[in-house]
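The structure under discussion appears below in the form of C-alpha cells.
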Amino acid sequence: MAQESTTDKNVPVIELRHVDKHYGDLHVLRDVSLSVARGEVLVVIGPSGSGKSTMCRTINRLETIDSGEILIEGEPLPQEGRELARMRSELGMVFQQFNLFAHKTILENVTLGPREVLGQSKEEAEKYAMELLERVGVASQANKVPAQLSGGQQQRAAIARSLAMRPKAMMFDEPTSALDPEMINEVLDVMVELARGGMTMVVVTHEMNFARRVADRVVFMADGQIVEEGAPDEFFDHPKTQRARDFLDSIKGH
Amino acid sequence: MSARTQSAPSVRAALYEAPGPRTKRLIAVGTVLSALVVAALVAAVVRQFYVTGQLAPRYWSFLLEWPTWRFLLQGFVGTVEVALTAGAIALVLGLALMLGRTSGPRPVSAACRLVTDFFRGVPSLLLIYFFFLVVPQYGIRMPAFWMLTLPVALAASGVLAEVFRAGVNAVPKGQVEAAYSIGLSRWKTMRLIVLPQAVRYVIPSLIAQLVVVVKDTTVAYVVSYPDLMQNARVLITNYDALLSMYLVVSVVYVLINFAINKASVYVAHRTGVKIIR
C-alpha cells in the first residue's frame, strides 16, 4: 500500500496521448496530449468551438475518441461495461447545465451514487451527503427538488453530488457559463475551496480571474489543438503565440 | 431554464394572444349564433323522434326497472374487467417492447421494432378475429374473456411502446450523462433516472390510451363476451328499443372516459409538479 502510493505520486492522474476526434468532416481534437498530476488544477481556456469541452468529456468517455490513448492513473480508460462505470465513478464531472436528477430531491441526488454504486447504507450516505451540502452551502435545501433552487445552488449541489463519490479527480465543463452573473462567484468559491483542499481538477472555463488565481497551469486551445500552455501569470501576461494574444485581447476589458 | 407553468389556461394563453375589443365582439356574436344553431338542431332531432314515435313510453319504460340496470351493471363490470386487464398487460408489454427496442442488442431491437409496428398498425378487430377464429383451429381453447382481452392488449401495447419511447426521448441527455458520470450502469440509469421521468412525461398519453382500450372492448360482441355494449345489444333485441338504449349506453361510455380523463389530470398534476424545469 505504502509503495503503491509512492508510485502513484509520479503517475499522472489523467493523461491524454495523441488524442484525435472527428465529427464528420470537422476535426474537433487534433493530436491532443496532456497530463494532469495529482493535486494539480488545470484550467482549459479558448474560444468557443475550440474543442475544450469535448476534450474534457473524453476523459470519462462521454465522448469517444478516434485514435490516441487516455490513461487514468496509468491505466487505459475502459471502453465499456462495469469497468467503465467504475472508472467514471472515480472521476467527478460537473456540467454546464448542472444536470441534477430532476425527479429527485437534492439529498437524493447526492446519495444516489454512494448508495447504488458504492453500496453504502442510507444512513451512511445521508450523513456524508449532509456534510457535503453543508460545505457547499445548500444544506438547508436538501429536501427540495432541483427546480426549486437557483442556478448557483443547483450547481453547488451538483458539485456535492460528484464529491459524494470521493473522486480521484474532478472535471468541470464550463460550470458557470449557464449562471446569472450574481451567482457565478458562489460556485467559484466552492471550486477555490476544493482546489485548496488538494483536489485534482480539470476546469474548462471562461472565468479568467479564476484561472489566474487558482490554476497551477493554463492550457489554451484553439481549433481542436493545444496551442499554448504554461503557468497562469506567464500565460496571461506574456502569451507566446499570436492566437493566444488575439484571444486574450478579444475578451479584455469593456 | 424554461419554466413550465401548471395552471390550466396557460396552453390557451400560449397559443392565442389576448383578444382585442373587435375580436371580443366577434367572439360574442359567434357564440350567440352557434348556440342558436345547436339549439335548432337539437329541437329538430327531438321533433323527428316525436314524429316517428320514438318518444313513446314503451321504448323508455324498461329503463325504470331494476333488472335492466342490473344487467347493464353486469356489462359495465365486464367492460371494466377487460379494460383494466388489457390495460395492465399492454403497459407491461409496451414497456418491455420499448426497452427491447431502445436498449437491447441489435437483433432484439429489430424484433421489438417489428412487433411494435405490427401491433400498432393492425386494427384490433382483426386481432380479435384472429384469436376468435384462427387460434382455436390450432387446438388452443380460451374463454371469451381472453379472446377479447389479449387482442385489445396487444393492439394497445404497440401504441404504448411508442408512447414510452417518446417519453424516454424527451428526457434530456444531460440526465443520462450525469447518471453515467457517477458510475451508474446503463440499466440502473434507465431504471432510476430515465424511466421515472419518462413515465411522468407521458402519463396523460398513457391514460388517453386507456380510453382507446375501453372503446376497443366494445367489439366484445364478436366473441359474445358480456360487456356493456353486448348486454345493451341484448336489451335492444328484448325491448326493441334501439334509440333509448344506445343513448343510455353512450352516456355511460362518455362518463367512463370522462372519469379516466379526470383521473389523468389529477395524476399528471400530482406527479408533474416534481419535474418542472
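The values are calculated or read from the model by the stated rules, or taken from the named source; none is laboratory data. The structure presented is a predicted model; accordingly, all values stated were derived computationally and were not measured. So basically every Cβ, Gly included, is an ideal-geometry build from the backbone, and we count neighbours across all protein chains shown. SASA here: full protein model, heavy atoms, side chains in, ligands and nucleic acids out. Shrake-Rupley method; radii C 1.70, N 1.55, O 1.52, S 1.80 Å.
List of remarks:
- Accessible surface comparison of B:GLU162, A:GLU108, probe 1.4 Å, protein chains only, largest first: the order is A:GLU108, B:GLU162.
- Within chain B, helices built from complete DSSP H runs that reach 27 Å or longer along their own axis (Cα positions) and carry a mean Kyte-Doolittle hydropathy of -1.0 or higher are B:21-51, B:66-103, B:144-170, B:195-216, B:242-272.
- Of B:ILE236, B:ILE128, B:ILE182, the one that fluctuates the most in a GNM where chain B has Cα springs shorter than 10 Å: B:ILE182
- Note on chain A: with a GNM built from Cα contacts shorter than 10 Å, the maximum mean-square fluctuation among A:GLY49, A:GLY24, A:GLY92 falls on A:GLY24.
- Sequence-ordered 3J(HN,Hα) estimates for the stretch A:72-78 from the Karplus curve with 6.51, -1.76 and 1.60 and θ = phi - 60° stand at 10, 6, x, 9, x, 4, x Hz, glycine and proline given as x.
- Nearest 10 degrees, 0 to 90: helix A:181-196 Cα axis against chain A principal axis: 90
- The stretch B:11-51: C-alpha gyration tensor shape, a/c 1.5 cut-off, then a/b vs b/c: oblate
- Label-to-label distance, nm, for residues given as A:SER250 and B:THR23 (7 Å Cα→Cβ offset): 4.4
- In this assembly, the B-A interface accounts for approximately 2000 Å² of buried accessible surface in total, computed with a 1.4 Å probe and without ligands, DNA or RNA.
- Inter-label distance, B:ARG70 to B:ALA170: 4.7 nm, where each label sits 7 Å from its Cα along the C-beta direction.
- Residue-averaged 222 nm ellipticity for the protein assembly as shown, from DSSP H runs of 4+ at -39500 (n - 2.57), nearest 500: -18500 deg cm²/dmol
- Cut-off under 5 Å, modelled amide H: who pairs with A:VAL41 long-range: A:MET201, A:ASP216, A:ARG217
- Per-residue 3J(HN,Hα) values for the stretch B:182-188, derived from phi via the Karplus relation 6.51 cos²θ - 1.76 cosθ + 1.60 with θ = phi - 60°, read 9, x, 6, 6, 4, 5, 5 Hz in sequence order (x marks Gly and Pro).
- Carbon/sulfur fraction of accessible area - chain A, other protein chains in place, 1.4 Å, %: 45
- Taking amide H atoms as placed 1.01 Å from N in the peptide plane, the amide H of A:GLU63 lies under 5 Å from those of A:THR58, each 5 or more residues away in sequence or on another chain.
- The B:SER109 and B:ARG191 beta-carbon pair, evaluated with R₀ = 30 Å, returns a calculated FRET efficiency of approximately 0.95.
- Note on chain B: with a GNM built from Cα contacts shorter than 10 Å, the maximum mean-square fluctuation among B:SER181, B:SER250, B:SER264 falls on B:SER181.
- For the protein assembly as shown, the square roots a ≥ b ≥ c of the C-alpha gyration tensor eigenvalues yield an a/c of 1.5 or more together with a/b exceeding b/c, which makes the shape prolate.
- Helix A:122-136 vs. chain A, principal-axis angle (Cα, 0 to 90°, nearest 10): 50
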